[in-house]
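Trainee: Provided herewith is a single structure, encoded as C-alpha cells, for subsequent inquiry.
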Amino acid sequence: MLNKPVLVESLIVFIIVLFLHAVVWDRYSWCAVALAIQAFYVQFKWDRLLQLGGAVFQFRTAANSGLLPASMVIPLLGIAMKERCKSAGIVYFERFGIVVASTGMLVALFLSVIAVGITKPVPTNTCILTGVAGSIIIYTMKHSLTVSEVIEVLEVLLIFVYLSMILLYLLPRCFTPGEALLVLGGLSFVLNQLIKRSLNVIEGRGDPIDFFLLVAVVGVVLLGLFFTVLFIFMDSGTWISSMFFHMMTAVLGLGVIMPWLYRLIQRNPLFWLFQFLFQTQTRVYLLAYWTFLAASACGVVFYQNAKRSSECKKHQASTITRKYFHFIVVATYVPGLIYDRQLLYIAAVLCLAVFIFLEYIRYFRIKPFGQTLRHLLSLFLDERDSGPLILTHIYLLLGMSLPVWLFPRSCAPKGTLSGAGALVPYSGVLAVGVGDTIASIFGSTMGEIKWPGTKKTFEGTMTAIFAQIIAVALILIFDSSVNLNSSYAWILASVSLVSLLEAYTTQIDNLLLPLYLQIMFMA
C-alpha cells in the first residue's frame with residue numbers, strides 16, 4: 001500500500017488540479033481529473049514493481065515512482081497556456097497549448113499502461129480505471145484536434161517510446177518513472193518541435209532565441225548518444241579516445257549543429273550570438289557580473305574540496321554547503337529577470353549546454369579534465385545521484401530556467417502577464433532559489449516538529465512560505481513590470497501548496513516545484 005507521505009503528496013496534487021480547473025472548467029478538465037485518478041491508482045502498481053524489482057528498467061530506488069505528480073505537469077501546463085493565449089486572442093498558441101496538453105496526457109497514459117501490463121497478476125480494477133481514463137482522453141482528442149495535430153501528438157509519443165528504451169537502458173538508476181516521464185517527455189516534445197520547424201522554416205514563425213534553445217538541447221543530447229554508442233567499442237579513458245572526443249565534438253558542432261541553426265535563423269549563428277550578447281551596455285554589465293558569480297561558484301567547489309582531508313575521503317558536503325549554489329543562482333537570475341530576460345534566456349541555454357558537456361567529460365573520463373571533475377563533484381553527491389550521471393546541478397539549472405523558457409511571450413503583449421501571471425518567470429527563483437533553500441537551512445538547523453512520515457519539518461515549510469512572500473514583496477518593489485492586480489490570496493495559496501509539496505515529495509524538487517508554481521501562477 002501507499003505510505004502516508006505518498007498519500008499526502010497525491011492529495012496536494014489533486015488540490016492543485018482542482019484549483020486550476022475551478023478557474024477554468026471545460027472538456028479538458030474532465031480529461032485532467034480522469035488522468036489524475038487513474039495515475040493515483042497506477043502509482044500503487046509502479047511502487048510495488050520498484051519494491052519487488054519487477055520493472056523493465058532500473059529506476060532510482062530511494063524514492064517512490066512519482067507517477068501522479070509527474071503525469072499532471074505537462075497537461076496542466078498546456079491547459080494553462082491555452083487559457084492565457086485564448087484570453088489574449090492568439091489562436092496559434094491556443095492550439096499549441098491544446099497540443100501540449102494532449103501530448104502530456106497521452107504520454108502519461110502510455111506509462112500507466114506499461115505499469116499495468118507488466119504487473120502480475122493483472123490488476124482488474126486498475127485496468128478498468130485506465131481504460132475509462134484513456135477513453136475519455138481519446139474521445140476528447142478526437143473532437144478537439146485536427147488531423148495534423150493528432151499526427152504531431154503521435155509523433156511525440158513515438159519519439160518518447162524510443163528515447164525511453166534507449167536512455168533508460170543506458171542510464172540505469174538515474175530516474176524514477178515520474179522523472180523519466182518529465183525529462184524524456186519534455187525532450188521528445190523539443191525534438192519533435194525542432195523537426196517540425198526545420199521542415200517548415202519558410203513560414204518564418206518563431207523567435208531566433210527559441211530556435212537556439214531547441215537546437216542546443218537536441219544537439220547536446222544527440223552528441224551524448226553518439227559518444228555513448230562509440231565508447232561501447234573503445235576505452236573512453238585513453239588519450240586517443242579523448243582526442244577523438246574533442247575532434248568529433250568540433251566536427252559535429254561546426255558541421256551539423258551550426259548549419260542546422262543557420263537554416264532556422266537565416267544568419268550566421270556565431271555572429272548573431274556575438275551581436276546579441278554585446279548589443280547593449282546593460283548586457284555587458286550583466287555578463288561581467290555573471291562571470292564573477294560563476295568564478296565564485298567554482299571557488300566554493302575548490303574550497304570545499306581543499307577542506308576534505310586525506311583521512312576523510314568519504315566526507316560529503318552538508319546540506320547548507322550545497323545551498324550556497326542556490327543563493328548564487330538566485331543572485332544570477334534576479335538581475336536578468338529584472339533588466340534583460342532575453343539575455344537570461346540565451347545565457348541559461350548556453351549554461352545548460354556547458355553543464356551537459358562537462359558531465360559527458362566526467363562520465364566518459366575524457367582527458368585531461370575527466371578524472372578531476374569526478375573528484376571535485378563527488379563531494380557534492382547525495383542520495384538522488386545513485387546512477388552513473390550526476391544530474392542535481394543540471395536539475396537546479398533547469399528548475400530556474402524552465403519558467404523563463406516556457407513563459408508564453410507571444411500571449412503577453414506587454415511582455416508580462418496580468419495578476420499572478422506576472423510572477424511566472426520568477427517561479428524557479430521563488431520555489432527553488434528561495435523556498436527550497438530556506439526550508440532546508442531552517443529545517444536542518446532549527447526544525448523540531450517533523451511532518452508525519454518525512455524528514456522535513458513544519459518550521460522549515462513555514463519559513464519557506466514566509467520567505468517567498470517576502471521575496472514577492474521585493475519583486476514588486478524592484479521590478480516595475482510586475483502588477484499583481486490584488487491577486488495576493490491566490491499567490492499565498494500557490495506558494496503554500498508548492499511548499500507543502502516540497503515537504504512530502506521524494507522526486508527531484510528542483511525540477512518539479514517550479515513547474516507546479518508556474519502552473520498555479522498561470523491559472
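Trainee: Just to be sure I understand, how many residues within the stretch 506-523 are more than 25 Å from residue 453 (Cβ to Cβ) and part of a loop (DSSP other than H, G, I, E, B)?
Mentor: Within the stretch 506-523, the subset more than 25 Å from residue 453 (Cβ to Cβ) is 518-519, 521-523.
From the residues that got through so far, the ones that are part of a loop (DSSP other than H, G, I, E, B) too are 523.
The total comes to 1.
Trainee: Can you list residue pairs whose Cβ atoms sit under 6 Å apart, with the first residue in the stretch 98-116 being at pLDDT 85 or above and the second being basic (Lys, Arg)? Count only pairs 6 or more apart in sequence or on different chains.
Mentor: Cβ pairs passing all conditions: 98/82.
Trainee: Output the number of the condition that residue 503 fails; it satisfies all remaining conditions of (1) of a type in the set (Gly, Ala, Ser); (2) touching a residue at least 60 places away in the same chain (Cβ under 8 Å); (3) out of contact with any Phe, Trp or Tyr (no Cβ under 6 Å at 6 or more places or on another chain); (4) under 24 Å from residue 11 (Cβ atoms).
Mentor: Only one criterion is unmet by residue 503, namely (3).
Trainee: Could you please let me know if residue 474 is open to solvent by less than 60 Å² (accessible area, probe 1.4 Å) and either of a type in the set (A, V, I, L, M) or under 25 Å from residue 406 (Cα atoms) (or both)?
Mentor: Numbers: open to solvent by less than 60 Å² (accessible area, probe 1.4 Å): no; either of a type in the set (A, V, I, L, M) or under 25 Å from residue 406 (Cα atoms) (or both): yes.
Criteria not met by residue 474.
Trainee: I'm trying to understand the selection: among the residues of the stretch 413-466, which are buried (at least 16 other Cβ atoms within 10 Å of the Cβ) and of a type in the set (Lys, Arg)?
Mentor: Within the stretch 413-466, just 456 meets the criteria.
Trainee: Please go through (1) open to solvent by 60 Å² or more (accessible area, probe 1.4 Å); (2) in a loop (DSSP other than H, G, I, E, B) for residue 366 and return the number of the only condition it doesn't satisfy.
Mentor: Every condition holds for residue 366 apart from (1).
Trainee: Which of (1) among the hydroxyl-bearing types (Ser, Thr, Tyr); (2) under 26 Å from residue 343 (Cα atoms); (3) in contact with a Leu (Cβ under 7 Å, 6 or more places away or on another chain) does residue 228 not meet, given it meets every other one?
Mentor: In the conditions (1) among the hydroxyl-bearing types (Ser, Thr, Tyr); (2) under 26 Å from residue 343 (Cα atoms); (3) in contact with a Leu (Cβ under 7 Å, 6 or more places away or on another chain), residue 228 misses (2) alone.
Trainee: Ok, one more. Cβ-Cβ below 8 Å, separation at least six or inter-chain, first residue in the stretch 347-359 and acidic (Asp, Glu), second outside any helix (DSSP H, G or I) and open to solvent by less than 30 Å² (accessible area, probe 1.4 Å): which pairs?
Mentor: 359/389; 359/390; 359/391
Trainee: Ok, one more. I need every pair where a residue in the stretch 272-296 that is closer than 13 Å to residue 342 by Cβ has its Cβ under 9 Å from the Cβ of a residue that is among the hydroxyl-bearing types (Ser, Thr, Tyr), sequence separation at least 6 or different chains.
Mentor: Every condition considered, the pairs that remain are 282/339; 283/339; 286/339.
Trainee: Out of 18, 49, 68, I need the residue that is part of a helix (DSSP H, G or I) and farther than 23 Å from residue 496 by Cβ. Which one?
Mentor: Going through 18, 49, 68 in turn, just one is part of a helix (DSSP H, G or I) and farther than 23 Å from residue 496 by Cβ: 49.
Trainee: Another one. Looking at the stretch 16-26, is at least one residue open to solvent by 60 Å² or more (accessible area, probe 1.4 Å) and in contact with a Gly (Cβ under 7 Å, 6 or more places away or on another chain)?
Mentor: Step one: list which residues in the stretch 16-26 are open to solvent by 60 Å² or more (accessible area, probe 1.4 Å), which gives 18-19, 22-23, 25.
Now drop any that are not in contact with a Gly (Cβ under 7 Å, 6 or more places away or on another chain), which leaves none.
No.
Trainee: Something else about it: Among the residues that make up the stretch 388-406, is at least one of them within 19 Å of residue 355 (Cβ to Cβ) and free of Cβ contacts under 8 Å to residues at least 40 places away in the same chain?
Mentor: yes
Trainee: Turning to a different aspect of this structure: Taking the criterion of being aliphatic (A, V, I, L, M) and touching a Ser or Thr at 6+ places or on another chain (Cβ under 9 Å), would at least one residue in the stretch 256-264 satisfy it?
Mentor: Here is the first cut: in the stretch 256-264, the residues aliphatic (A, V, I, L, M) are 256-258, 261, 264.
Then drop every residue that is not touching a Ser or Thr at 6+ places or on another chain (Cβ under 9 Å), which leaves 264.
Yes, that holds for at least one residue.
Trainee: Right, here's the next one. Can you spot a residue in the stretch 488-505 that is assigned to a loop (DSSP other than H, G, I, E, B) and either crowded, with 24+ Cβ neighbours inside 10 Å or of a type in the set (Ser, Thr, Tyr) (or both)?
Mentor: Taking the stretch 488-505 as the starting set, the residues that turn out to be assigned to a loop (DSSP other than H, G, I, E, B) are 505.
Keeping just the survivors that are either crowded, with 24+ Cβ neighbours inside 10 Å or of a type in the set (Ser, Thr, Tyr) (or both) gives 505.
Yes: the stretch 488-505 contains one or more residues that are assigned to a loop (DSSP other than H, G, I, E, B) and either crowded, with 24+ Cβ neighbours inside 10 Å or of a type in the set (Ser, Thr, Tyr) (or both).
Trainee: OK, next. Can you confirm whether residue 160 is open to solvent by less than 40 Å² (accessible area, probe 1.4 Å), under 27 Å from residue 90 (Cα atoms), in contact with a helix residue (DSSP H, G or I) (Cβ under 7 Å, 6 or more places away or on another chain) and of a type in the set (Phe, Trp, Tyr)? Write out each step before concluding.
Mentor: On the way: open to solvent by less than 40 Å² (accessible area, probe 1.4 Å): yes; under 27 Å from residue 90 (Cα atoms): no; in contact with a helix residue (DSSP H, G or I) (Cβ under 7 Å, 6 or more places away or on another chain): yes; of a type in the set (Phe, Trp, Tyr): yes.
No: the conditions fail for residue 160.
Trainee: Here are some conditions: (1) in contact with a Pro (Cβ under 6 Å, 6 or more places away or on another chain); (2) at pLDDT 90 or above; (3) among the small types (Gly, Ala, Ser). Residue 499 meets all but one. Which one does it not meet?
Mentor: The number of the failed condition is (1).
Trainee: Which of the residues belonging to the stretch 144-157 are open to solvent by less than 30 Å² (accessible area, probe 1.4 Å) and either small (Gly, Ala, Ser) or in contact with a His (Cβ under 6 Å, 6 or more places away or on another chain) (or both)? Explain how you work it out, then say what you get.
Mentor: Step one: list which residues in the stretch 144-157 are open to solvent by less than 30 Å² (accessible area, probe 1.4 Å), which gives 144-145, 149, 152-153, 156.
Result: 144, single match.
Trainee: In this structure, does residue 219 turn out to be at pLDDT 85 or above, open to solvent by less than 20 Å² (accessible area, probe 1.4 Å) and in contact with a Pro (Cβ under 7 Å, 6 or more places away or on another chain)?
Mentor: Judged against the criteria, residue 219 is not a match.
Trainee: Out of the residues in the stretch 120-143 that are open to solvent by 20 Å² or more (accessible area, probe 1.4 Å) and of a type in the set (Ser, Thr, Tyr), which is nearest to residue 194 (Cα to Cα)?
Mentor: So the first thing to find is which residues in the stretch 120-143 are open to solvent by 20 Å² or more (accessible area, probe 1.4 Å), and the list is 120-122, 124-125, 127-129, 131-132, 135-136, 138-139, 141-143.
Going one step further and asking which of them are of a type in the set (Ser, Thr, Tyr), we end up with 124, 135, 139.
Values: 124: 40, 135: 30, 139: 28 Å.
Taking the candidates together, the pick is 139.
Trainee: Is there any pair linking a residue in the stretch 144-162 that is more than 10 Å from residue 192 (Cβ to Cβ) and modelled with pLDDT under 90 to one that is of a type in the set (Asp, Glu) and part of a helix (DSSP H, G or I), with Cβ under 8 Å and at least six apart or on different chains, and which?
Mentor: none
The values are calculated or read from the model by the stated rules, or taken from the named source; none is laboratory data. These numbers were taken from a predicted model, which means no experiment stands behind them. As a convention, Cβ positions derive from the backbone with ideal geometry for all residues, glycine included, and neighbour counts pool all protein chains shown. Protein only, heavy atoms only, side chains kept; ligands, DNA and RNA dropped before computing areas. Shrake-Rupley method; radii C 1.70, N 1.55, O 1.52, S 1.80 Å.
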